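K.L.:
Take a look at this one; I'll ask things after.
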Amino acid sequence: MFTIGKASMQSGVNIETIRYYEREGIVAKPGRSGGGRRMYSSDEIAKLRFVRRCRDLGFPIPIIQTFLSLTAQNDRSCGEVKSLAENHLSEINAKIENLKHLKEALLSLSKNCDDGTAACPMLDALMKDGFGNDVPEPNDQ
């Protein structure tokens, strides 16, 4: 059994993040020592590491919870996992395309900037109505 500090070190998950995951029901709350300290088993640390790896890949919490529920099933199929991963990959590709458009728009705007002038063409272009209608909002997918 390990304290939360050791669980954090072994899993790579920040202590406050571990507490958050417990509060939100992402991982089960561990048992407690006689003194009331959280005590983590190797399996609980492995689940924390699993969650961290999924977060590193950008998976949202609800998908990670689905993955965790699937790991508990002995007869689980890879079909659902593959589908969720492919959907996530599609979202990532859409974000990459969005970022490419944003990059192109910023490069185009910044090319108009001249050092030392009183009026900035980039700021003027941003102020105009209708500018950027073809540039997706950063949160659009």
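K.L.:
Using a probe of 1.4 angstrom, how much of the accessible area of region 1-72 is carbon and sulfur, in percent? Write out the running numbers ahead of the final one.
P.N.:
Values: 2160 of 4210 Å².
C and S atoms contribute 51 percent here.
K.L.:
Follow-up question, since we're still on this one. So who's got an amide H within less than 5 Å of the one on Y40, skipping anything under 5 residues away but keeping other chains? H placed 1.01 Å off N, in plane.
P.N.:
Amide H neighbours of Y40, under 5 Å, 5+ apart: F2, T3.
K.L.:
When only the heavy atoms of the protein chains count and the probe is 1.4 Å, how do E24, E44 rank by accessible area, highest first?
P.N.:
E24, E44
K.L.:
Heavy atoms only, 1.4 Å probe, whole protein assembly: order M1, M39 by accessible area, highest first.
P.N.:
Working: M1 140, M39 40 Å².
The ranking, largest first, comes out as M1, M39.
K.L.:
Continuing with the same structure: What distance in nm separates the two pseudo spin-label positions at H88 and A46, each 7 Å out from Cα along the beta-carbon direction?
P.N.:
1.9 nm
K.L.:
Run the count for the chain, please: Lys pairs, Cα-Cα under 22 angstrom, 8 or more apart or on different chains.
P.N.:
Pairs that pass both the separation and distance tests number 10.
K.L.:
With point charges of +1 on the Cβ of Lys and Arg and -1 on the Cβ of Asp and Glu, referenced to the Cα centre of the chain, which listed residue (L84, L48, I61) lies farthest in the positive direction of the dipole?
P.N.:
Toward the positive end, the furthest listed residue is L48.
K.L.:
Might you tell me the accessible area per residue for the chain, computed with a 1.4 Å probe and given in Å²? Working shown, then result.
P.N.:
Details: 9970 Å² over 141 residues.
Value for the chain: 71 Å² per residue.
The values are calculated or read from the model by the stated rules, or taken from the named source; none is laboratory data. None of these values were measured; they are calculated from a predicted model. Every residue, glycine among them, receives a Cβ derived from its backbone with ideal geometry; neighbour counts consider all protein chains shown. Quick note on the areas: whole protein, heavy atoms, side chains included, nothing else; ligands and nucleic acids left out. Shrake-Rupley method; radii C 1.70, N 1.55, O 1.52, S 1.80 Å.
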